[in-house]
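Trainee: Okay, handing you the structure first.
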Amino acid sequence: MEYAKMFSVKKTGTDNNYDRGGPARLADRTKDPVYEYTPEIELAVNVALATGRPLLVRGPSGSGKSSLARSVAHHLGWRYYEAVVTSQTSAQDLLWTFDSVHRLNDALDSKIPMKDKAEYVKPGVLWWAFDRESASKFEPREPFSPQPNSKGSVVLIDEIDKAEPDVPNNLLLPAGSLRFFVDEIGQTVEASVDHPPLIVVTTNEERQLPSAFLRRCVVLDLRPPDEKRLKTIAVKHFHERDDDLYEALAEQMVQAEKKGERSEPNAAEFLDAVWACISLNVRPPKEGEDPSPEWLSVRTATLAKPKLTNL
């Protein structure tokens, strides 16, 4: 059976069915963040809000760690900021940066009038989350924030385990006291006690985090979803259907894990499989049917994903 192609090598240009306004899903971007909350997730968010502690979210890749922060900001109607941590990220980068190289080049150029140090200061995501008004004086362009007029804010520090070991400990003071001092301008940045930000930190646990940092966080462990929760997640994203597509795909993902064809189930890859089947009109085989080549390809690309081996 021919599947519904969005791209074909036999067609060119506008003859293909895909365009940015078409049926393709922008994988990790939605206008209104969709998230399937469990009572445990909702409770952890409430504990973090009540205690003013950072929320440390742990779980396997694709379990919804990063998207939780944006969803919470959406439900609260708060501003939202995010920073993805790399091996080059320092704790100060999340607070502010000072472009010393740019300042030195300007100082060496006799044609450029000497500027104040403040000209080379750029607020980081925590500065924006703590005090939007003072941050905007140094950087007129605000980072991503769907609710710019809200007094509350949520800031995501994503994949902190990729940073050097001293980064989490160096964040203890600003994350705990919700204040920090900017040396170059001699100014303290401080969050409002009436509207403290919610700091959400995620980790894939590729590196063990310092115990002192863990003690100061509210910890949420996201467990891999079972078949029932996978279906619930699909309904949340794509609405109810009158066929058994969600159940069949959830069963296929769980069976792939049991056969050793993949690691534990995760929501991101399951949603990719659902959307591929819906938009390309591909279906898993019913009992007694032979699987189509198209289904086998979709299954391998989304649900099974055999591990690569070193050649």
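Trainee: When the chain is fully extended, how far beyond the present Cα-Cα distance does E264 get from D166, taking 0.36 nm per residue of separation?
Mentor: 32.2 nm
Trainee: Tell me the volume per residue, in Å³, of the convex hull enclosing the alpha carbons of the range 194-238.
Mentor: Spread over its residues, the Cα hull of the range 194-238 gives 143 Å³ apiece.
Trainee: Something else now. I want to check the label-to-label distance for D290 and V84. Put each point 7 Å from Cα in the C-beta direction and report it in nm to one decimal.
Mentor: 4.3 nm
Trainee: Checking the table K231/K258; K162/K258; K162/K228 against a 23 Å threshold on Cα-Cα, which pairs fail?
Mentor: Beyond 23 Å between Cα atoms: K162/K258; K162/K228.
Trainee: Taking a virtual spin label 7 Å from the Cα of R207 along the C-beta vector, which residues in the range 67-92 bring their backbone nitrogen under 12 Å of it?
Mentor: Only 85-91 fall inside the zone, counting backbone N under 12 Å.
Trainee: Heavy atoms only, probe 1.4 Å: what % of the accessible area of the range 192-311 goes to carbon and sulfur, would you let me know?
Mentor: Answer for the range 192-311 is 48 percent, counting heavy atoms of protein chains only.
Trainee: Test of understanding: extend the Cα→C-beta vector of T232 to 7 Å, then name every residue of the range 32-71 with backbone N under 12 Å from that spot.
Mentor: 36-42
Trainee: Run the quick spin-label model on A248 and F144: label points 7 Å from Cα toward the beta carbon, then report their separation in nm to one decimal.
Mentor: Once both label points are built, they end up 3.4 nm from each other.
Trainee: Out of A250, N266, V189, whose Cα points farthest toward the positive end of the dipole of the range 188-278 (charges: +1 Lys, Arg; -1 Asp, Glu; placed on Cβ)?
Mentor: Working it through, the farthest residue towards the positive pole turns out to be V189.
Trainee: Moving on. How big is the charge dipole of the range 130-226 about its Cα centre, in debye rounded to the nearest 20, if each Lys and Arg gets +1 on its Cβ and each Asp and Glu gets -1 on its Cβ?
Mentor: 260 debye
The values are calculated or read from the model by the stated rules, or taken from the named source; none is laboratory data. This is a predicted model, so every value here is computed, not measured. Cβ: placed from backbone, ideal geometry, glycine included. Neighbour counts: every protein chain shown. In case anyone asks, the SASA skips ligands and DNA or RNA and just uses the protein heavy atoms, side chains included. Shrake-Rupley method; radii C 1.70, N 1.55, O 1.52, S 1.80 Å.
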